[in-house]
Amino acid sequence: MVNFYPVSTIRKLTRAGKHALILLGLMSGLMTSVTAQNMTPANAAPSSVQPRLADAILVVVNNEVITRYEFIERLKVIENRLKGQGGQMPPMEQLQRQLLERMIVERAQLQQAKESGIKVDDAMLDRAIARIADQNQLTMPEFRKRLEQDGMVYSQFRNEIRNEMILQRLREREVDNKIQVSDAEVDAYMAEHSGSNANAPQELNLGQILIRVPENATPQQLAESRKRAEEVLAQLNAGGDFAKLAAAYSDGTDGLTGGDLGWRTQDRLPQLFVDATANLQQGQIAPLVKSGNGFHILKVLGKRTQSVLRAAPGANPAAANTVKQTHASHILIKVNQVVSAADARRKLTELKQRLDNKAATFEELARLYSNDFSASKGGDLGWIYPGDTVPEFERAMDALPVGEVSEPIESPFGYHLILVKERKSDDVSQERQRLVVRQTLRAQKVEEATQDWLRQLRDRAYVEYRLEER
């Protein structure tokens, strides 16, 4: 990621009835357009009469357009990604319909971000892409070559990453920053989950196919959405591939990646999802679930018991309030316009060699080189609870024996050397318990509010589908 129809303008469309016919015409024209491009000789001179079909307007979203060319390029990327995952490809018409809807929602978000003055400058974008390349253990030239091998134009990739960063900032502004968790909610949660680990919430890995319902939907729209959801559910119960059907039908943001929601505690999932899957085993599919956003089809991909307060290894299972703590220090080299990711890693490798050779102490090097507030304390971060640091840092720290220094570790902040000084298991203080619970409840609220915000944004958008006749 030609049989054109007469010029037509349809306003405020839903995904039923006319929408299906319109998309059928769009997709027919698109596939013919793609075929025509592939059959055009490389040395053919551009026509001064015929316009490039791929550049024609496909959809108008508010005051901007999505062109055929944009759509075809995104479709190529999605196809390559799905093929790379080794799964079956959904029917092309369904894949195109899902992608077009996703692009419409993205365009509406980007427009709101623009109106709000949200931007990502080139320097920030360059650092983000450098981190992606480094995570794949590639230099930037190697990374660009890999993208080209995968059929991705580098300028297109940069634009997609920039848009993702803008959308994340927009969601933080429009949703995350507006979420509040009251003391009463924390008290109620702690009362419900007090006692033994038997009452601790499970972690669930769910797959979701969402058939979205428009805001203020009519009875007919509800019935049509339910029918569509029931048809998908019937295909799954008959042995259909969940990831394939999610890519083909789901209106969720995770649809094109197979609908996998990832591991989450029950508290980070809508209660409707928890109730619907409570008695299901791994691999089973729940009956249809109706929410304010639409109809959900849920599959249990995995289940495991996990206390929110994470009991320490070897501790009494009933001690839900016991947690492992780590006393650690670090040396941080930040990546910026002056210091590249390769420079930061190389510098820390040199410092690690000095430590291994006992040419200096960790505290001395931290004071001299660390780009962190902890430098004045010799890099000392104090006692760290699970969840206090970013996942990359925590995984590396947890894997270190006491007294050892890590290799250079990357995180969103830059590159670190980590020293584990000591560990202990201790009771979590009341204040600490309340903080963890508040974070858990907030994550659940953010998830639900984000879905509701996206639905409202889509329903408010002015959408005009353009069909053309040659």
Quiz item: Which of the peptides 142-148, 444-450, 327-333 is most tightly packed, and how do the rest follow, judged by the mean count of other Cβ atoms within 10 Å per residue?
Solution: 327-333, 444-450, 142-148
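What FRET efficiency, computed as 1/(1 + (r/R0)^6) with R0 = 45 Å and r the Cβ-Cβ distance, is obtained for residue 353 and residue 178, rounded to the nearest 0.05? It would help to have the intermediate numbers written out before the result.
Numbers: r = 48 Å, r/R0 = 1.08.
The computed FRET efficiency comes out at 0.40.
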Quiz prompt | Set of lysines with alpha-carbon distance to residue 290 below 21 Å, sequence-local pairs under 8 removed | solution = 227, 299, 445
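Compute the length gained on full extension between residue 125 and residue 327: take 0.36 nm times their separation in residues and subtract their Cα-Cα distance, giving the result in nm to one decimal. If you can, show how the numbers build up before the last one.
Numbers: separation 202, 0.36 × 202 = 72.72 nm, distance 3.38 nm.
Working it through step by step, the gained length comes to 69.3 nm.
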Exercise. List every residue whose amide H lies under 5 Å from the amide H of residue 371, counting only residues 5 or more places away in sequence or on a different chain, with H placed 1.01 Å from N in the peptide plane.
Key: 332, 333, 334
Quiz prompt | Calculated from backbone phi, Karplus (6.51, -1.76, 1.60) coupling profile of the range 94-102 in Hz, x at Gly/Pro | solution = 5, 4, 5, 4, 5, 5, 4, 5, 5
Quiz item: In whole Å, how far is the Cα centre of the range 137-156 from that of the range 362-426?
Solution: 32 Å
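What shape does the range 203-305 take by its C-alpha gyration tensor, where a ≥ b ≥ c are the square roots of the eigenvalues and a/c under 1.5 counts as rounded, a/b above b/c as prolate, and the rest as oblate?
Working: a/c = 1.76, a/b = 1.41, b/c = 1.25.
Cα axes put the range 203-305 in the prolate bin.
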Practice problem: May I ask for the net charge around residue 340, where only other residues with Cβ less than 12 Å from the Cβ of residue 340 are counted and Lys, Arg are +1 while Asp, Glu are -1? | Solution: +3
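Between beta-carbons, use under 13 Å as the cut-off and find the net charge around residue 352, counting Lys and Arg +1, Asp and Glu -1. Write out the running numbers ahead of the final one.
Working: positive: 345, 346, 347, 354, 358; negative: 350, 356, 404, 407.
Neighbour charge sum, excluding residue 352 itself: +1.
With a sphere of radius 15 Å drawn around the Cβ of residue 420, what net charge do the other residues whose Cβ falls strictly inside it have (Lys, Arg +1; Asp, Glu -1)? Before the final figure, lay out each step's value.
Working: positive: 324, 352, 395, 421, 423, 424; negative: 363, 380, 388, 394, 398, 404, 407, 422.
That works out to -2.
Using packing as a proxy for protection, rank 412-420, 260-268 so that the peptide with the highest average count of other Cβ atoms within 10 Å comes first.
Details: 412-420: 22.8, 260-268: 18.0.
Peptide ranking by packing, descending: 412-420, 260-268.
Bear in mind that the values in this text are calculations on the coordinates, not laboratory data. A quick note: this is a predicted structure, and the numbers were derived from the prediction, not measured. All Cβ positions, glycine included, derive from the backbone under ideal geometry; neighbour counts span all protein chains shown.
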